[in-house]
Amino acid sequence: MKKPSFAALLYRELLLIKKLLLSYSIGSLILILFPVLVLLSFRFGNLKLIIPEDAMSGSMTIIKLMPIMAAGMFAMLPSDAASKDITKPIWDYFRRSTQISAARLALAKTVMNIISMTVSLIISIPLTYIIAYAAGTTVTGNDIGLSLLFITFMDLMSVVFGAAMYFFKSVDKGGLFMSGLTATFVFGFMIPTAGELNKLPPGHADRYVIMEAYLSDVITNVAPFTPLMLIGVILIQFALLLFIFKRREK
(Lines give C-alpha, C1' and ligand atoms only; values in the text may rest on other atoms or scores of the structure.)
Protein backbone atom coordinates (compact mmCIF):
# COMPACT_ATOMS: atom_id res chain seq x y z
CA MET A 1 0.00 0.00 0.00
CA LYS A 2 1.22 3.47 -0.89
CA LYS A 3 2.35 5.54 2.07
CA PRO A 4 0.20 8.64 2.69
CA SER A 5 1.70 12.06 2.05
CA PHE A 6 2.75 14.29 4.91
CA ALA A 7 -0.21 16.56 4.13
CA ALA A 8 -2.50 13.54 4.54
CA LEU A 9 -1.02 12.92 7.99
CA LEU A 10 -1.74 16.52 8.97
CA TYR A 11 -5.29 16.13 7.67
CA ARG A 12 -5.62 13.00 9.80
CA GLU A 13 -4.65 15.06 12.88
CA LEU A 14 -7.24 17.65 11.93
CA LEU A 15 -9.92 14.98 11.63
CA LEU A 16 -9.11 13.84 15.16
CA ILE A 17 -9.72 17.29 16.65
CA LYS A 18 -12.27 18.91 14.34
CA LYS A 19 -15.21 18.51 16.74
CA LEU A 20 -13.17 19.76 19.67
CA LEU A 21 -11.94 22.66 17.56
CA LEU A 22 -15.54 23.79 17.10
CA SER A 23 -16.42 23.35 20.77
CA TYR A 24 -13.26 25.19 21.86
CA SER A 25 -14.14 28.06 19.52
CA ILE A 26 -17.59 28.36 21.07
CA GLY A 27 -16.18 27.96 24.59
CA SER A 28 -13.54 30.64 24.08
CA LEU A 29 -16.18 33.03 22.73
CA ILE A 30 -18.31 32.52 25.85
CA LEU A 31 -15.28 32.80 28.11
CA ILE A 32 -14.34 36.19 26.65
CA LEU A 33 -17.86 37.54 26.18
CA PHE A 34 -18.89 37.20 29.83
CA PRO A 35 -16.06 39.28 31.39
CA VAL A 36 -16.36 41.89 28.63
CA LEU A 37 -20.06 42.38 29.40
CA VAL A 38 -19.35 42.55 33.13
CA LEU A 39 -16.59 45.12 32.68
CA LEU A 40 -18.62 47.27 30.32
CA SER A 41 -21.54 47.20 32.74
CA PHE A 42 -19.20 48.15 35.56
CA ARG A 43 -17.90 51.12 33.57
CA PHE A 44 -21.07 52.34 31.89
CA GLY A 45 -24.06 50.29 33.09
CA ASN A 46 -25.95 49.12 36.14
CA LEU A 47 -23.00 47.52 37.96
CA LYS A 48 -21.38 50.95 38.19
CA LEU A 49 -24.28 52.09 40.35
CA ILE A 50 -24.27 49.20 42.81
CA ILE A 51 -20.61 48.04 43.10
CA PRO A 52 -17.90 50.30 44.59
CA GLU A 53 -14.93 50.86 42.33
CA ASP A 54 -12.42 49.42 44.79
CA ALA A 55 -14.48 46.21 45.07
CA MET A 56 -13.43 45.21 41.54
CA SER A 57 -9.69 45.59 42.12
CA GLY A 58 -9.32 42.12 43.60
CA SER A 59 -11.19 40.54 40.70
CA MET A 60 -9.17 42.19 37.93
CA THR A 61 -6.35 39.66 38.13
CA ILE A 62 -8.81 36.84 37.51
CA ILE A 63 -10.59 38.78 34.78
CA LYS A 64 -7.29 39.42 33.00
CA LEU A 65 -6.74 35.67 32.86
CA MET A 66 -10.00 35.11 30.97
CA PRO A 67 -8.68 35.91 27.47
CA ILE A 68 -5.55 33.86 28.15
CA MET A 69 -7.64 30.90 29.25
CA ALA A 70 -9.82 31.29 26.16
CA ALA A 71 -6.79 31.26 23.86
CA GLY A 72 -5.08 28.56 25.90
CA MET A 73 -7.84 26.08 25.05
CA PHE A 74 -6.36 25.67 21.58
CA ALA A 75 -2.96 24.81 23.03
CA MET A 76 -4.57 21.68 24.53
CA LEU A 77 -5.39 20.19 21.12
CA PRO A 78 -2.31 17.88 20.98
CA SER A 79 -3.50 15.95 24.03
CA ASP A 80 -7.01 15.81 22.58
CA ALA A 81 -5.65 14.21 19.42
CA ALA A 82 -3.69 11.73 21.53
CA SER A 83 -6.81 10.72 23.46
CA LYS A 84 -8.60 10.00 20.17
CA ASP A 85 -5.68 7.83 19.08
CA ILE A 86 -5.99 5.84 22.31
CA THR A 87 -9.78 5.55 22.53
CA LYS A 88 -10.33 4.82 18.83
CA PRO A 89 -7.97 2.00 17.78
CA ILE A 90 -8.96 2.45 14.13
CA TRP A 91 -6.37 5.24 13.88
CA ASP A 92 -3.63 2.94 15.14
CA TYR A 93 -4.76 0.28 12.66
CA PHE A 94 -4.56 2.92 9.94
CA ARG A 95 -1.00 3.82 10.92
CA ARG A 96 0.13 0.20 10.99
CA SER A 97 -1.55 -0.74 7.71
CA THR A 98 0.07 2.15 5.85
CA GLN A 99 3.49 1.53 7.43
CA ILE A 100 3.94 5.13 8.51
CA SER A 101 7.33 5.56 10.14
CA ALA A 102 7.57 6.69 13.74
CA ALA A 103 9.52 9.78 12.68
CA ARG A 104 6.89 10.91 10.14
CA LEU A 105 4.03 10.41 12.58
CA ALA A 106 5.88 12.23 15.38
CA LEU A 107 6.73 15.06 13.00
CA ALA A 108 3.11 15.38 11.83
CA LYS A 109 1.87 15.63 15.41
CA THR A 110 4.59 18.16 16.23
CA VAL A 111 3.72 20.33 13.22
CA MET A 112 0.03 20.24 14.20
CA ASN A 113 1.04 21.31 17.69
CA ILE A 114 3.01 24.24 16.23
CA ILE A 115 -0.12 25.26 14.30
CA SER A 116 -2.41 25.03 17.36
CA MET A 117 0.12 26.88 19.52
CA THR A 118 0.42 29.64 16.91
CA VAL A 119 -3.37 29.96 16.82
CA SER A 120 -3.42 30.32 20.61
CA LEU A 121 -0.74 33.01 20.56
CA ILE A 122 -2.43 34.95 17.75
CA ILE A 123 -5.84 34.83 19.45
CA SER A 124 -4.51 35.81 22.88
CA ILE A 125 -3.20 39.24 21.79
CA PRO A 126 -6.46 40.82 20.49
CA LEU A 127 -8.42 39.21 23.34
CA THR A 128 -6.06 40.84 25.83
CA TYR A 129 -6.66 44.23 24.19
CA ILE A 130 -10.43 43.67 24.21
CA ILE A 131 -10.41 43.00 27.95
CA ALA A 132 -8.19 46.02 28.57
CA TYR A 133 -10.53 48.27 26.58
CA ALA A 134 -13.58 46.96 28.43
CA ALA A 135 -11.81 47.54 31.77
CA GLY A 136 -10.63 51.01 30.76
CA THR A 137 -6.97 50.07 31.21
CA THR A 138 -3.95 49.79 28.94
CA VAL A 139 -2.13 46.64 27.88
CA THR A 140 1.30 46.36 29.47
CA GLY A 141 4.31 44.26 28.58
CA ASN A 142 3.52 42.05 31.54
CA ASP A 143 0.04 41.37 30.15
CA ILE A 144 1.55 40.13 26.89
CA GLY A 145 4.24 38.23 28.79
CA LEU A 146 1.60 36.53 30.93
CA SER A 147 -0.22 35.40 27.79
CA LEU A 148 2.94 33.93 26.30
CA LEU A 149 3.92 32.16 29.51
CA PHE A 150 0.46 30.75 30.16
CA ILE A 151 0.08 29.39 26.63
CA THR A 152 3.59 27.93 26.76
CA PHE A 153 2.71 26.20 30.03
CA MET A 154 -0.62 24.93 28.64
CA ASP A 155 1.10 23.58 25.56
CA LEU A 156 3.79 21.87 27.62
CA MET A 157 1.13 20.23 29.78
CA SER A 158 -0.73 19.11 26.67
CA VAL A 159 2.42 17.67 25.11
CA VAL A 160 3.38 15.76 28.27
CA PHE A 161 -0.21 14.58 28.77
CA GLY A 162 -0.36 13.30 25.20
CA ALA A 163 2.99 11.55 25.54
CA ALA A 164 1.86 9.98 28.84
CA MET A 165 -1.29 8.60 27.20
CA TYR A 166 0.74 7.09 24.37
CA PHE A 167 3.29 5.66 26.83
CA PHE A 168 0.72 4.05 29.13
CA LYS A 169 -1.68 3.30 26.26
CA SER A 170 -4.45 4.63 28.49
CA VAL A 171 -6.23 7.96 28.84
CA ASP A 172 -6.94 7.30 32.53
CA LYS A 173 -3.35 6.45 33.44
CA GLY A 174 -2.09 9.42 31.44
CA GLY A 175 -4.56 11.66 33.28
CA LEU A 176 -3.45 10.32 36.65
CA PHE A 177 0.17 10.98 35.77
CA MET A 178 -0.66 14.55 34.71
CA SER A 179 -2.71 15.20 37.85
CA GLY A 180 0.31 14.42 40.01
CA LEU A 181 2.63 16.47 37.82
CA THR A 182 0.30 19.48 37.76
CA ALA A 183 -0.25 19.37 41.54
CA THR A 184 3.52 19.33 42.06
CA PHE A 185 3.96 22.35 39.81
CA VAL A 186 1.14 24.33 41.43
CA PHE A 187 2.40 23.71 44.95
CA GLY A 188 5.93 24.59 43.89
CA PHE A 189 4.69 27.85 42.38
CA MET A 190 2.51 28.87 45.33
CA ILE A 191 4.83 28.00 48.23
CA PRO A 192 7.15 31.04 47.75
CA THR A 193 4.24 33.43 48.38
CA ALA A 194 2.32 31.40 50.96
CA GLY A 195 4.50 32.53 53.86
CA GLU A 196 4.01 36.23 53.17
CA LEU A 197 0.28 35.83 52.54
CA ASN A 198 -0.25 33.97 55.80
CA LYS A 199 1.22 36.87 57.74
CA LEU A 200 -1.72 39.03 56.69
CA PRO A 201 -5.24 38.81 58.12
CA PRO A 202 -7.89 37.11 55.92
CA GLY A 203 -9.35 39.42 53.31
CA HIS A 204 -6.52 41.92 53.65
CA ALA A 205 -6.16 43.98 50.47
CA ASP A 206 -2.39 43.49 50.48
CA ARG A 207 -2.92 39.82 49.66
CA TYR A 208 -3.80 40.83 46.10
CA VAL A 209 -0.92 43.31 45.98
CA ILE A 210 1.62 40.70 47.09
CA MET A 211 0.32 38.10 44.64
CA GLU A 212 0.31 40.56 41.73
CA ALA A 213 3.80 41.78 42.63
CA TYR A 214 5.09 38.22 42.73
CA LEU A 215 3.47 37.36 39.40
CA SER A 216 4.81 40.56 37.88
CA ASP A 217 8.37 39.74 38.97
CA VAL A 218 8.10 36.20 37.60
CA ILE A 219 6.74 37.42 34.27
CA THR A 220 9.35 40.17 33.95
CA ASN A 221 12.21 37.75 34.62
CA VAL A 222 10.96 34.78 32.60
CA ALA A 223 9.06 36.33 29.64
CA PRO A 224 12.21 37.20 27.60
CA PHE A 225 13.00 33.48 27.47
CA THR A 226 9.54 32.49 26.20
CA PRO A 227 10.64 31.98 22.55
CA LEU A 228 13.33 29.56 23.72
CA MET A 229 10.80 27.84 25.95
CA LEU A 230 8.41 27.40 23.01
CA ILE A 231 11.18 25.90 20.90
CA GLY A 232 12.04 23.64 23.82
CA VAL A 233 8.44 22.43 24.08
CA ILE A 234 8.42 21.57 20.37
CA LEU A 235 11.69 19.65 20.61
CA ILE A 236 10.49 17.84 23.74
CA GLN A 237 7.30 16.77 21.99
CA PHE A 238 9.08 15.42 18.94
CA ALA A 239 11.68 13.58 21.04
CA LEU A 240 9.07 12.03 23.36
CA LEU A 241 6.78 10.92 20.56
CA LEU A 242 9.64 9.55 18.47
CA PHE A 243 10.87 7.51 21.44
CA ILE A 244 7.39 6.18 22.27
CA PHE A 245 6.42 5.36 18.66
CA LYS A 246 9.70 3.59 18.01
CA ARG A 247 9.20 1.65 21.23
CA ARG A 248 5.75 0.57 20.05
CA GLU A 249 7.16 -0.67 16.74
CA LYS A 250 9.34 -3.26 18.49
### Message
At 7 Å along Cα-to-Cβ for each site, give me the label-to-label distance between Thr182 and Ser23 in nm.
### Response
1.5
#### Entry: Spin-label pair Leu228/Tyr93, simplified geometry with 7 Å Cα→Cβ offset, distance in nm
4.8
### Summary
Label model pair Thr118, Ser41: point-to-point distance (7 angstrom along the Cα→beta-carbon line) in nm is 3.9
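At 1.4 Å probe size, put Thr140, Thr128 in order of accessible surface, largest to smallest.
Thr140, Thr128
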#### Entry: Ordering of 235-248, 143-156, 161-174 by burial proxy (mean other Cβ atoms within 10 Å per residue, highest first)
143-156, 161-174, 235-248
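Which percent of the accessible area of the range 107-154 is formed by carbon and sulfur heavy atoms (probe 1.4 angstrom)? If you can, show how the numbers build up before the last one.
On the way: 1620 of 2010 Å².
Carbon-and-sulfur percentage of accessible area, whole number: 81.
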### Summary
Note to self: C-alpha centroids of the range 5-45 and the range 74-89 sit apart, in Å, by 17
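I'd like to check one number: the per residue accessible area of the range 117-178, probe 1.4 Å, reported in Å² as a whole number. List each step's numbers first, then the result.
On the way: 2770 Å² over 62 residues.
Per residue, the range 117-178 has 45 Å² of solvent-accessible surface.
The values are calculated or read from the model by the stated rules, or taken from the named source; none is laboratory data. Since the model is a prediction, treat every value here as computed from it, not as a measurement. Because the Cβ atoms are built from the backbone with ideal geometry, glycine has one as well, and the counts that use them run over all protein chains shown. Quick note on the areas: whole protein, heavy atoms, side chains included, nothing else; ligands and nucleic acids left out. Shrake-Rupley method; radii C 1.70, N 1.55, O 1.52, S 1.80 Å.
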